[in-house]
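Accompanying notes for the structure given below.
The values are calculated or read from the model by the stated rules, or taken from the named source; none is laboratory data. Because the structure is predicted, anything quoted here is derived from the model rather than measured. Note that each Cβ is placed from the backbone with ideal geometry, even for glycine, and that neighbours are counted across all protein chains shown.
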Amino acid sequence: MVLGLILTIFEAILISKNLEIFNNKQTVHSYLEKLRSQGKSIGFVPTMGALHNGHLSLIEQAKIRTDIVVCSIFVNPTQFNDKKDLENYPRPIEDDIKKLQDAQCDVLFIPEVGEMYTNNEQWSIDLDSLDNILEGEIRPGHYQGVTQIVNKLFDIVDPDFAFFGQKDYQQFMVISHMVNKLLLRVNLVLCPIIREKDGLAMSSRNIYLSPADRQNSLALFKSLTLFQDLYKNKDIDQLKTEITSFLNAAPGIELEYFEIFNAKSFQPASSKHVGSVIALVASKVGSIRIIDNMIIEN
Ligand code: AMP
């Protein structure tokens, strides 16, 4: 009985430690190519690390759908338009590795910047104005940087499926656009937003919120639940006006945008239509930017 228990624990440790870690792109590419030639499907979860349950939910989805789950951790400099944000981005590598082992992720690709970029590399893709609105307007060049790195990572990993969070819905729309435009073979999967118990969407940057800002940050989720509650009985203009004034009155919130879009076309919704509608909110809370969204199916 005791021996059985010890063996079970030992097995669990052995299984959980089975994470292959690579920092060289050719090596990970060849490793995955071999598995693919054996008929294994590859699921990919690109991240910037500082992993939380939101990231781990993507790993979980990938494990359900594919044979081999690959996670990448790379804090991509070309998508940061704020140097301080890049420098301060959390990098708890040992914790991340432990979380990936516990989640039974198969492969971690964790390259240095020099492995991914040569000097003065150029990249430009027409994103059909998706990169000029909302996040793209506030963070010029951000989505060019995102597509540049995701395209490189897709090339290296060559996944059958790649998993992204609804938390960054505009990013998902941008990457879908790139996949269609460049005729990439990957299938994209959108996964739900994972939240703290009180509703705050999980994010690697949340650890930098002061206790007061952490409390104030709840206004974003509240604005989205208000949107959900009022949706049936108000038109789009009324919803925008009421929720924007709610956010403007919330303490510690420096609102950047609250918008209501058609979730399929990703254009502003002028009236209620058949299909899904998404409310998107972005705000500074103290010195930290927070984004969140909610989709309503009509
Ligand atoms: P990041 O490390 O912030 O680049 O995020 C990596 C992936 O995790 C992206 O696809 C994000 O949309 C996703 N993600 C981040 N936060 C959450 C969350 N709270 N719930 C679900 N997915 C998330």
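Are there any helices (runs of 4 or more DSSP H) wholly within segment 77-139 with 1 or more residues that are under 19 Å from the mean Cα position of the chain (by Cα) and not charged (D, E, K, R), and if so which? Filter on segment 77-139 gives 83-88, 93-102, 135-138. Name the residues in segment 47-103 that are among the aromatic types (Phe, Trp, Tyr) and surrounded by 19 or more Cβ atoms within 10 Å (Cβ to Cβ), would you? Residue satisfying the conditions is Phe74 alone.
Tell me yes or no: at least one residue of segment 166-182 is at pLDDT 95 or above, within 11 Å of the ligand (Cβ to nearest atom), more than 21 Å from Pro140 (Cβ to Cβ) and part of a strand (DSSP E or B). For segment 166-182, residues at pLDDT 95 or above, within 11 Å of the ligand (Cβ to nearest atom), more than 21 Å from Pro140 (Cβ to Cβ) and part of a strand (DSSP E or B): absent. Can you say whether Asp213 is more than 12 Å from the ligand (Cβ to nearest atom), over 30 Å from Ala162 (Cβ atoms), part of a helix (DSSP H, G or I) and in contact with a strand residue (DSSP E or B) (Cβ under 7 Å, 6 or more places away or on another chain), as far as the supplied structure shows? Answer is yes for this residue. Screening Ile133 with (1) among the β-branched types (Val, Ile, Thr); (2) more than 25 Å from Tyr257 (Cβ to Cβ); (3) surrounded by fewer than 21 Cβ atoms within 10 Å (Cβ to Cβ) gives one miss only, at (2).
All conditions but one from (1) within 14 Å of the ligand (Cβ to nearest atom); (2) closer than 26 Å to Ser265 by Cβ; (3) polar (S, T, N, Q) apply to Asn206; the one that does not is (2). Within segment 46-61, residues that are farther than 16 Å from Phe74 by Cα and in contact (Cβ under 8 Å) with a residue 40 or more places away in the chain have Cβ atoms under 7 Å from residues that are in a helix (DSSP H, G or I) and near the ligand (Cβ under 7 Å from one of its atoms) in these pairs: Gly54/Lys167, counting only partners at least 6 apart in sequence or on another chain.
If the condition is being surrounded by fewer than 16 Cβ atoms within 10 Å (Cβ to Cβ) and either without any contact (Cβ under 8 Å) to a residue 12 or more places away in the chain or of a type outside the set (Ser, Thr, Tyr) (or both), then segment 16-28 contributes Lys17, Asn18, Glu20, Ile21, Asn23, Asn24, Gln26, Thr27.
In segment 144-164, the qualifying residues are those that are farther than 26 Å from Leu35 by Cα and within 13 Å of the ligand (Cβ to nearest atom), and the one that is surrounded by the most Cβ atoms within 10 Å (Cβ to Cβ) is Val146.
Can you work out which of the residues in segment 32-82 that are at pLDDT 95 or above and of a type in the set (D, E, K, R) is nearest to the ligand (Cβ to nearest atom)? Filtering first and then ranking leaves Glu60.
Quick grid of which residues meet (1) touching a residue at least 60 places away in the same chain (Cβ under 8 Å); (2) small (Gly, Ala, Ser); (3) closer than 24 Å to Asn88 by Cα; (4) in contact with a Phe, Trp or Tyr (Cβ under 9 Å, 6 or more places away or on another chain):
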position	(1), (2), (3), (4)
Thr118	no, no, yes, no
Leu130	yes, no, no, yes
Phe154	yes, no, no, yes
Gln171	no, no, yes, yes
Leu184	no, no, no, yes
Leu188	no, no, no, yes
Cys191	yes, no, no, yes
Ser204	yes, yes, yes, yes
